[in-house]
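Novice: Encoded as structure tokens, here's the structure I'll be asking about.
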Ligand code: NI
């Protein structure tokens, strides 16, 4: 397992819609393992393919917050929201591609998601709480959408400018 570099916004790859996965290959399985490793290392609760330059519809997540509890790594291939609750939830979101920036985002409080597992089988689950926020945030990534796209243009520009500066500083090191 390898920790892969995480792309930082702005990057054209983070704005692109990803291709559906056609086949579960060993290469994809290895990429999923790397993505989980990268996510835990960051640390974060979710990571989507494009964030490591993998332009396919795959995401990983684990929203178990209690360090005493068993981890629950999930790999979702070609995930689709099949149902959303009318009730919404406001959650302060962040993103590994937009480090140290947080903002409130309103989303459906619960969603039902269908996906293909690495076992080649169809899975479906209803997510609530942080899991619901996370899975929607990560699916957005697969459509080239970032959480800052939900903010006002002014706030979005402010964060983007900070990221440009951060990337410039990093490049100088
Ligand atoms: Ni993100």
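Novice: Which ranges mark the strands (runs of 3 or more DSSP E) fully within region 1-107 that have 1 or more residues being more than 16 Å from the ligand (Cβ to nearest atom), surrounded by 12 or more Cβ atoms within 10 Å (Cβ to Cβ) and on the phi < 0 side of the Ramachandran plot? Let's see the steps before the verdict.
Specialist: Values: elements: 46-48, 58-61, 74-84, 88-95.
Correct list: 74-84, 88-95.
Novice: Of all residues in region 142-173, which are in contact (Cβ under 8 Å) with a residue 24 or more places away in the chain and not in a helix (DSSP H, G or I)?
Specialist: 143, 144, 146, 151
Novice: Suppose we keep only residues that are surrounded by 13 or more Cβ atoms within 10 Å (Cβ to Cβ) and away from the ligand (no atom under 16 Å from the Cβ) within region 130-161. Which one would you say is farthest from residue 84 (Cα to Cα)?
Specialist: Among them, the one singled out is 158.
Novice: Given the options 111, 75, name the one that is over 25 Å from residue 5 (Cα atoms), free of Cβ contacts under 8 Å to residues at least 60 places away in the same chain and touching a helix residue (DSSP H, G or I) at 6+ places or on another chain (Cβ under 9 Å). Give the steps one after another, and end with the answer.
Specialist: Working: 75 fails: over 25 Å from residue 5 (Cα atoms).
Result of the check over 111, 75: 111.
Novice: If you check residue 139 against the conditions, is it part of a helix (DSSP H, G or I), more than 24 Å from residue 24 (Cα to Cα) and in contact (Cβ under 8 Å) with a residue 24 or more places away in the chain?
Specialist: On the way: part of a helix (DSSP H, G or I): yes; more than 24 Å from residue 24 (Cα to Cα): no; in contact (Cβ under 8 Å) with a residue 24 or more places away in the chain: yes.
Taking the combined requirement at face value, the residue does not satisfy it.
Only the coordinates and a few stated rules stand behind these numbers; no lab work does. Just so we're clear, the structure is a prediction, and the values are computed from it rather than from any experiment. As a convention, Cβ positions derive from the backbone with ideal geometry for all residues, glycine included, and neighbour counts pool all protein chains shown.
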